[in-house]
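A short worksheet on the structure shown next.
The values are calculated or read from the model by the stated rules, or taken from the named source; none is laboratory data. These numbers were taken from a predicted model, which means no experiment stands behind them. Neighbour counts are summed over all protein chains in view; Cβ atoms, including those assigned to glycine, are modelled from backbone coordinates with ideal geometry. Surface accessibility is based on the protein's heavy atoms, side chains included, excluding ligands, DNA and RNA. Shrake-Rupley method; radii C 1.70, N 1.55, O 1.52, S 1.80 Å.
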Amino acid sequence: MSELNTPALRHDWSKQEITALFEQPFNDLLFQAQSIHRGNFDPNQVQVSTLLSIKTGACPEDCGYCSQSSKNDAEVERERLLPLDEVIEKAQLAKDNGASRFCMGAAWRNPTDKNLEKVIDMITAVKDIGMETCVTLGMLTEKQSQRLKDAGLDYYNHNLDTSPEHYGDIITTRTYQDRLDTLANVRAANINVCSGGILGMGEQRSDRVSLLQQLSNLPQHPDSVPINMLVQVEGTPLHGVDEIEPLEFIRTIATARIIMPKSVVRLSAGRTEMSDETQALCFLAGANSIFYGDKLLTTDNPAESHDQQLFDKLGLNTKHVFESTSKQSACSC
Ligand code: SAM
Ligand code: DTB
Ligand code: SF4
């Protein structure tokens, strides 16, 4: 494999450099992204995670996109923390359906230490089933991160969501720096970091570039980078915002692949609104992970049977994809 396709990892990308990659002719961009993808991954493998909302609704934060914010008027049934046996049942089902990772999300600003212990019981039980675990619980302290690490947690998801420039239009109850601090705490505890954002929230291309710059210039690239397309939920401030064009979404995935060559890029929320052809181009652009199962947290995801057909049509297989913290730290940068 040529060195061109296995470049050293960089953490000093300028906006100009990222913009130049982003704006090159589409065929050149996809060729470059796919070449780099092949230098780092099996191009026909896709990692599969299944989501479960373990605590739904009544969140004190004001994220403008979210069905679960108490500040928004979306019709979401508020639920208490799910009982352990229900979580185990859902995780077993996800494993039987072929998922390798079970991701549990809670509508919290941050977990209390008491709630964290309950989530730890869930993590232990899911790991006993033989699945990788990921949780997304809001802001974490260093101590809480270490507690999760000791419990065997594999991944922590905490998204930057958008650019620092656009952020204030979307969320006011926590700062961008709060998010960076949580990511640093998770990384310091040696938990794999899952962090990305949402496209289609009325941002400009320059915001997409700026979000990618933030992610790629973290001291270590996130091991997993979820790129969500906004799921527009009635009753949220972002309902009715102009949708992002599919080709622009694909360009963002390709650019993420080029500048974070060893990270697993997840084609995340929003797939119900995407054609099979758009999704195929996302995989060609270097996406190699998805959420699988007919529900995300509170909104719909494509039916498993549909995804299975799509995998068959594209010749994709869904075995475990190597995510590369060790590969990253082993690099010479
Ligand atoms: N409450 C925790 C937090 O925000 O850190 C964890 C759960 S929260 C639902 C996890 C992520 O889901 C958000 O950061 C956001 O990126 C994504 N998300 C939420 N609602 C979405 C929507 N309507 N469309 C796309 N992504 C969404
Ligand atoms: C991520 O980046 N996307 C997932 C997961 N991390 C937690 C969540 C998507 C949520 C979509 C809206 C919903 O179902 O409520
Ligand atoms: Fe709460 Fe997370 Fe939704 Fe924001 S994204 S309102 S923090 S559940």
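Hey, rough spin-label estimate for residue 58 and residue 190, points 7 angstrom out along Cα→Cβ, what's it come to in nanometres?
3.8
How large is the direction-averaged shadow of the alpha-carbon convex hull of the stretch 258-310, in nm²?
For the Cα atoms of the stretch 258-310, the hull's average projected area reads 3.8 nm².
With r as the distance between the Cβ atoms of residue 89 and residue 16 and R0 = 41 Å, compute the FRET efficiency 1/(1 + (r/R0)^6) and round to 0.05.
In this case the efficiency is close to 0.20.
In nm, what is the difference between 0.36 nm times the number of residues separating residue 309 and residue 204 and their Cα-Cα distance? If you can, show how the numbers build up before the last one.
Working: separation 105, 0.36 × 105 = 37.80 nm, distance 3.42 nm.
Working it through step by step, the gained length comes to 34.4 nm.
With an 8 Å Cα cut-off and a minimum separation of 6 or more residues, compute the relative contact order for the chain in percent.
With pairs under 8 Å counted, the relative contact order is 25 percent.
For the ranges 79-89, 34-44, 247-257, what's the packing order if you count other beta-carbon atoms within 10 Å of each residue, average per peptide, and put the highest first?
The packing order, highest mean first, is 247-257, 34-44, 79-89.
As a test, work out the antiparallel percent of DSSP beta bridges whose residues both lie in the chain, rounded to the nearest 5. It would help to have the intermediate numbers written out before the result.
Numbers: 1 of 34 bridges.
So the antiparallel bridges amount to about 5 percent of the total.
Accessible area per residue of the chain at 1.4 Å probe, in Å²?
Per residue, the chain has an accessible area of 42 Å².
Hey, got the Cα dimensions of the chain along the principal axes, in Å, largest first?
In descending order, the Cα extents are 50, 40, 40 Å.
Ranking request for peptides 64-77, 147-160: highest mean number of other beta-carbon atoms within 10 Å first, then the rest in descending order.
Output ranking for 64-77, 147-160: 147-160, 64-77.
Place a point 7 Å from Cα of residue 247 in the direction of its Cβ. Which residues in the stretch 188-213 have their backbone N less than 20 Å from it?
In the stretch 188-213, the label zone of residue 247 (backbone N under 20 Å from the point 7 Å along Cα→Cβ) covers 199-209.
Dipole of the chain (Lys/Arg Cβ +1, Asp/Glu Cβ -1, origin at the Cα centre): which of 59, 287, 259 lies farthest to the positive side?
With unit charges placed on the Cβ atoms, the residue in question is 259.
I need the phi-derived Karplus couplings for the stretch 50-64: 6.51 cos²θ - 1.76 cosθ + 1.60, θ = phi - 60°, integer Hz, Gly and Pro marked x.
Coupling constants for the stretch 50-64: 10, 9, 9, 7, 8, 8, 10, x, 6, 7, x, 6, 10, 3, x Hz.
Going by Cα centres, the stretch 167-214 and the stretch 55-119 are how many Å apart?
Between the Cα centre of the stretch 167-214 and that of the stretch 55-119, the gap is 20 Å.
Give me the dipole magnitude in Debye, nearest 20, for the stretch 174-316 about the Cα centre, with unit charges on the beta carbon: positive for Lys and Arg, negative for Asp and Glu. Display every interim value, and only then the final one.
On the way: 12 positive and 18 negative charges, 139 e Å.
It comes to approximately 660 debye.
Using a simple charge model, +1 on the beta-carbon of Lys and Arg, -1 on the beta-carbon of Asp and Glu, nothing else, what dipole does the chain show about its Cα centre, in debye to the nearest 20?
980
Can you give the angle from 0 to 90° between the axis of helix 113-129 and the longest principal axis of the chain, with both taken from C-alpha atoms, to the nearest 10?
With rounding to tens, the tilt is 70 degrees.
For residue 275 and residue 239, calculate 0.36 nm times their separation in residues minus their Cα-Cα distance, and state this gained length in nm to one decimal.
Gain on stretching residue 275 to residue 239: 10.9 nm.
From the alpha carbon gyration tensor of the stretch 69-195, can you work out the equivalent ellipsoid semi-axes (sqrt of 5 times each eigenvalue) and give them in Å, largest to smallest?
Here the semi-axes work out to 25, 18, 14 Å.
Can you list residues from other chains, or at least 5 along the same chain, whose modelled amide H is less than 5 Å from the amide H of residue 133?
Amide H neighbours of residue 133, under 5 Å, 5+ apart: 102, 154, 155.
Can you give me the long-range amide H partners of residue 53? Hydrogens built in the peptide plane at 1.01 Å from N, cutoff under 5 Å, separation of 5 or more residues or another chain.
105
Tell me, what % of the accessible area of the stretch 71-174 is carbon and sulfur with a 1.4 angstrom probe? The partial results should precede the final answer.
Details: 2250 of 5050 Å².
Roughly 45 percent of what the probe reaches on the stretch 71-174 is carbon or sulfur.
Modelling each spin label as a point 7 Å along the Cα-to-Cβ direction, I'd like the residue 115/residue 27 distance in nm, to one decimal.
According to this spin-label approximation, the distance is 5.2 nm.
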